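Asker: I am attaching a structure below and will ask some questions about it afterwards.
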Amino acid sequence: MLDEWRSLMNIIILAVGSRGDVQPYVAVGLGLQNAGHHVRMATHSNFKDFVEMRGLEFAEIKGNPKEWLDTEEGLDWLESGPGLYKFYTGLKRFMEPVLESLLPTSLSACRDMDVILYSTVATSGPHIGEKLGLPTFPLMLQPAYPTGDFPSVIADSATTKNRIYNQFTHWITDQILHHSTRGSIDRWRKEVLGLSRATFLGPARVSRKKRVPHFLGYSPSVVPRPKAWGDHVQVTGYWFLDREENWVPPDELVRFLESGSPPVYVGFGSMTVRKSEETTRMIVSALQMTGHRGILLKGWGNLGSTNLPDSVLQIDSVPHDWLFPRMAAIVHHGGAGTTGAAIRAGVPSIITPFFADQIFWAARISSLGVGPASIPFSKLNDQNLADAIRLATGDSAMRGRSKALSEKICSENGVTRVVEAFENAIRSPRTNGNFTL
């Protein structure tokens with residue numbers, strides 16, 4: 001029962017995916033740890049140093065998403081664009097080999113914990129919570145809770161006022177996420193956890209029926225909270241992880257920034273790119289057409305691998321909270337974390353979405369008037385990118401809206417709010433302990 005839980009708990013956060021899928025959860029983990037809890041961060045081995053340098057305990061979840069995304073099948077999925085069916089088939093091919101090592105290591109990581117928090121893609125979380133009898137809560141970077149106000153973040157259409165269609169897309173998304181992994185999950189439940197098969201409609205449906213608290217890490221100023229959501233759905237604001245106090249920018253980057261006008265940032269994060277040299281030349285051409293200097297993030301796509309002019313500097317990784325406010329515009333793929341960081345910087349975004357929720361965030365940026373209409377990456381060329389850069393850097397009204405929205409975002413403290421909401425939820429007697437499947 002809830003009154004048996006200690007005020008200070010052993011909490012595990014399961015986070016699966018790329019750096020952008022992990023970093024916000026490190027921020028939440030630090031917030032919980034600063035509140036006195038013990039936090040274990042369970043994620044992939046390539047983030048071990050990152051997690052431990054921030055002072056959190058690390059536990060390994062095996063399975064490297066980058067290895068699969070670098071394959072032809074992975075590249076096809078990233079370039080598939082909008083569409084529920086295309087997302088389903090790609091996710092199924094992606095998750096099946098990953099789950100083989102992810103599931104057992106996720107279970108091992110959760111031993112001796114009191115509470116499980118899990119990210120959207122960490123599908124093992126609810127099942128482990130059921131096995132171990134632990135309170136289990138979803139932490140999501142997207143508005144992934146059913147509503148008629150807007151469609152699912154992976155729907156074919158990112159904006160529509162058809163409430164019936166919107167509700168349907170949320171239901172079908174639940175089924176896509178559940179059934180794309182159901183075969184592997186059910187075998188694991190039976191052979192390892194000693195549990196019966198998962199319900200046909202999946203754990204998300206059960207958790208909503210039980211009104212399990214859901215914590216959503218984005219700003220209500222970016223996606224307004226639907227009035228119909230119960231108070232168990234908490235929209236807390238973004239979970240930003242700022243740079244460490246002793247971080248110092250590279251000398252080469254400082255010299256470049258000081259040598260001219262603010263450059264345009266271009267980076268696609270964890271999105272792998274099939275033709276990196278060709279893409280790099282296209283970006284450089286667009287920048288030269290507009291007369292802007294550029295900062296080019298290497299990322300998983302290996303951008304900048306070709307010779308660059310003096311007006312373009314390649315970087316490996318620089319904290320967004322330091323770099324983005326110094327840019328004239330920010331060209332990116334539309335990941336949830338990068339989108340939030342660009343909004344907070346008060347600089348217009350040019351989003352070139354690849355797939356999944358990136359299309360949703362691109363539509364929000366355009367609708368809010370803080371960036372031009374998005375350009376799908378599959379249709380990106382030097383001419384339309386140059387046109388978007390001219391608009392983003394030259395439209396004073398757009399820049400004003402970006403600054404105003406930034407002020408709202410900066411007034412929020414999503415990490416503080418999610419810690420408070422979590423502690424209130426875990427102690428609330430009205431939930432009656434219904435935290436597991």
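Asker: To the nearest 20 debye, what charge dipole does the chain have about its Cα centre, counting +1 at the Cβ of each Lys and Arg and -1 at the Cβ of each Asp and Glu?
Answerer: Taking the Cα centre of the chain as origin, the dipole is about 1360 debye.
Asker: Assuming R0 = 56 Å, what is the FRET efficiency of residue 165 and residue 255, from their Cβ-Cβ distance, to the nearest 0.05?
Answerer: Result of the calculation: an efficiency of 0.60.
Asker: Separate question: Mind checking which lysines have their Cα closer than 27 Å to the Cα of residue 408? Skip sequence neighbours fewer than 8 apart in that chain.
Answerer: 161, 227
Asker: If I model a spin label as a point 7 Å beyond the Cα along the Cα-Cβ vector, how far apart are those points for residue 172 and residue 186 in nm?
Answerer: Rounded to a tenth, the inter-label distance reads 2.2 nm.
Asker: Under the rule of at least 5 residues apart or a separate chain, name every residue whose amide H is placed under 5 Å from the amide H of residue 356.
Answerer: When sequence neighbours closer than 5 places are left aside, there are no close amide H contacts.
Asker: Moving on. Quick one: which of 46-56, 336-346, 257-267 comes out on top by average Cβ neighbours within 10 Å, and what's the full order, highest first?
Answerer: The peptides rank, most packed first, as 336-346, 257-267, 46-56.
Asker: Would segment 251-410 count as rounded, prolate or oblate if I go by the C-alpha gyration tensor, calling it rounded below 1.5 in a/c and otherwise prolate when a/b exceeds b/c, oblate otherwise?
Answerer: rounded
Asker: Hey, which lysines would be in cross-link range of residue 66, C-alpha to C-alpha under 30 Å, not counting anything within fewer than 8 residues on its own chain?
Answerer: Here the lysines satisfying the reach criterion relative to residue 66 are 48, 86, 92, 131, 190, 275, 298, 379.
Asker: Which Cα, out of 194, 240, 253, lies furthest along the positive dipole direction of segment 192-258 (beta carbon charges, K/R +1, D/E -1)?
Answerer: Toward the positive end, the furthest listed residue is 194.
Asker: Could you tell me what percent of the DSSP beta bridges with both partners in the chain are antiparallel, to the nearest 5?
Answerer: 0 percent
Asker: Follow-up question, since we're still on this one. Based on the Kirkwood radius over alpha-carbon pairs, what value in µm²/s does the Stokes-Einstein equation return for the translational diffusion coefficient of segment 229-281 at 25 °C and 0.890 mPa s?
Answerer: Using the Kirkwood radius from Cα pairs, D works out to 153 µm²/s.
Asker: With helices defined as uninterrupted DSSP H runs, which ones in the chain have an alpha carbon span along their own long axis of at least 18 Å and mean Kyte-Doolittle hydropathy of at least -1.0?
Answerer: TM-like helix candidates: 19-34, 84-109, 163-179, 276-290, 396-410, 414-427.
Asker: Which label belongs to the value computed from this structure, given these candidates for log10 I(q)/I(0) by the Debye sum over Cα atoms at q = 0.05, 0.09 Å⁻¹: (1) -0.17, -0.55; (2) -0.22, -0.70; (3) -0.29, -0.73?
Answerer: (1)
Asker: Here is a further query. Taking amide hydrogens as modeled 1.01 Å from N in the peptide plane, which residues meet the under 5 Å criterion relative to residue 58, leaving out close sequence neighbours?
Answerer: Under 5 Å from the amide H of residue 58 lie the amide H atoms of 41, each far enough along the sequence or on another chain.
None of the figures in this text is laboratory data; all of them are computed from the coordinates on show. None of the values given here were measured: they were computed from a predicted structure. All Cβ positions, glycine included, derive from the backbone under ideal geometry; neighbour counts span all protein chains shown.
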